[in-house]
Each structure stands twice: as C-alpha cells, then as structure tokens.
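This is the structure, below, for whatever I ask next.
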C-alpha cells in the first residue's frame, strides 16, 4: 500500500538516489534535444558548411586559385565530423558529470531546506512496502530574499506557510518529481501530485505550476489536468521546448 508523507531525514539517501537515476535518464533525451535530427543542430551545421563552401567557391573564382575551395570543403567535412562527436565526446561527459554530482551538492539544500526553514515549502515522499519510491518538492513562489528572511522551523517540523507568505504568492510550484522506474505505471506519481495539490490548496494557493522539457512528463501532467501556459525553445533553432504548465486549484476547477 502506498502512503504519502512529509520528508524525513531517513529519506534523504533514497530521495537523492531517485533524483540521480532520473537525471541519468535525461542524458539520452539531452542528446536528442541538443544534437538529434529534430534539434535542428544537424541543419545548422549543414548550412554553415554549405555557406563556407559557397563563399570559398566565390573566393576561388575571384582569385583564380582553387586552394580556398578545397580548404573550405575540408572544413565543411570537419564540421559534420565534429557534430557527430559533439555529444558523445564533449557534451555527454560534461552533462553526465554535472548530473552525477549536482544532487548531493545542491539539491536538498537548494530546493528543500531553505524554503522549508522559511516556512514556505513542503517535500513529500511516497512509501511502498517500507521503501521510499517517489518524491516531489512543493514551494511557494517567491524571491530568494523572501526565502532567506523566513522563519526558523526545522526541516522535519515545517507546517503550513505563514499568512504573510500566502499574501505574497497564490501559486505553488512543484519540482523534482521523481518516481522509481520499477514502480511506474502504478499511479504512484499521480497520488503524489494529488497530495502536493491538496497541500497547496490547504495553504490557500489558487494554482500549481511546474516546468518540464520531458515530453512523456508533459503527457502525464496533461492527464492530471494541467495545461501548457507557455514554453521556450531549448536552442534557438530547435523544435524541442521547455514548457511551463499550470493547474487551477479553485473549487470551480475541481
């Protein structure tokens, strides 16, 4: 039986493991987003190579020498080769290293402790048969200055945000939603989101907001009643977007 409760100190290692696994799953998607056919990157490299060859052809004709053209063809071919190796040899290792070290260095402190200590956040975890199998952070939107000036509740004892916080923000943001890959398809993620929304509603929030670049996650949130409010391209020429989604918590929307 799945139970949802507030984060406790003994959950930390399990939550960090969930985050790390989820981040590592992002690497193939990142390769597609940055270098795949739909990313537009191959087209950019092709256009650059073509423009270089065309300019070299014009220069060769004007100078009466063909070495600029030959050199440009070689450079254009090298651009194609660089594109093929860009992610496997450069971007991939950089991203993998960042994702491996980011959770333990920053995640709990940045996305949980500060906001909880300020009385404006809650971290929820899902337990199944005694194991922590999912988690998500729920934070009232506000500035870092607001968070830094918050109250002194401990991470394990945080209750509902103070009224002064609710007056500043009627929106709660959900982040770091992670579900154990072995437990997906069992509605654990949906139950976790329902608990987060109920918590936000009890705080007096009018809506919940989240941001994702994972298309499968977008489809999941759409099924839960979220709508896409806006998005931005991950690269200027890419078809992939990071989207912000919202859900109303008003009684009329229930």
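The values are calculated or read from the model by the stated rules, or taken from the named source; none is laboratory data. Everything numeric in this text was worked out from a predicted model, so none of it was measured. So basically every Cβ, Gly included, is an ideal-geometry build from the backbone, and we count neighbours across all protein chains shown.
Return the total of residues in the range 1-24 being loosely packed, with under 13 Cβ neighbours inside 10 Å and out of contact with any strand residue (DSSP E or B) (no Cβ under 6 Å at 6 or more places or on another chain).
Adding up the residues that qualify gives 6.
Assuming residue 203 fulfils every condition listed in (1) under 26 Å from residue 25 (Cα atoms); (2) surrounded by 17 or more Cβ atoms within 10 Å (Cβ to Cβ) apart from one, which condition is it?
(1)
When you scan the range 51-58, do you find a residue that is modelled with pLDDT under 70, farther than 30 Å from residue 131 by Cα and in contact with a helix residue (DSSP H, G or I) (Cβ under 6 Å, 6 or more places away or on another chain), even just one?
No, the conditions are met nowhere in the range 51-58.
Among the candidates 155, 172, 213, 137, single out the residue that is closer than 23 Å to residue 22 by Cβ, touching a helix residue (DSSP H, G or I) at 6+ places or on another chain (Cβ under 9 Å), surrounded by 16 or more Cβ atoms within 10 Å (Cβ to Cβ) and at pLDDT below 60.
Residue meeting the stated conditions: 155.
Are there any pairs, at least 6 apart or on different chains, whose C-beta atoms fall under 9 Å, with the first in the range 3-17 and at negative phi and part of a strand (DSSP E or B) and the second crowded, with 17+ Cβ neighbours inside 10 Å and modelled with pLDDT under 80, and if so, which?
Note: pairs meeting the criteria are 6/158.
Specify which of the listed residues (192, 222) is assigned to a helix (DSSP H, G or I), farther than 18 Å from residue 122 by Cβ and modelled with pLDDT of 90 or more.
Step by step, each of 192, 222 is checked, and only 222 is assigned to a helix (DSSP H, G or I), farther than 18 Å from residue 122 by Cβ and modelled with pLDDT of 90 or more.
Looking at the range 177-189 only, could you name the residues that are surrounded by 20 or more Cβ atoms within 10 Å (Cβ to Cβ) and either more than 18 Å from residue 219 (Cβ to Cβ) or at pLDDT below 50 (or both)?
180
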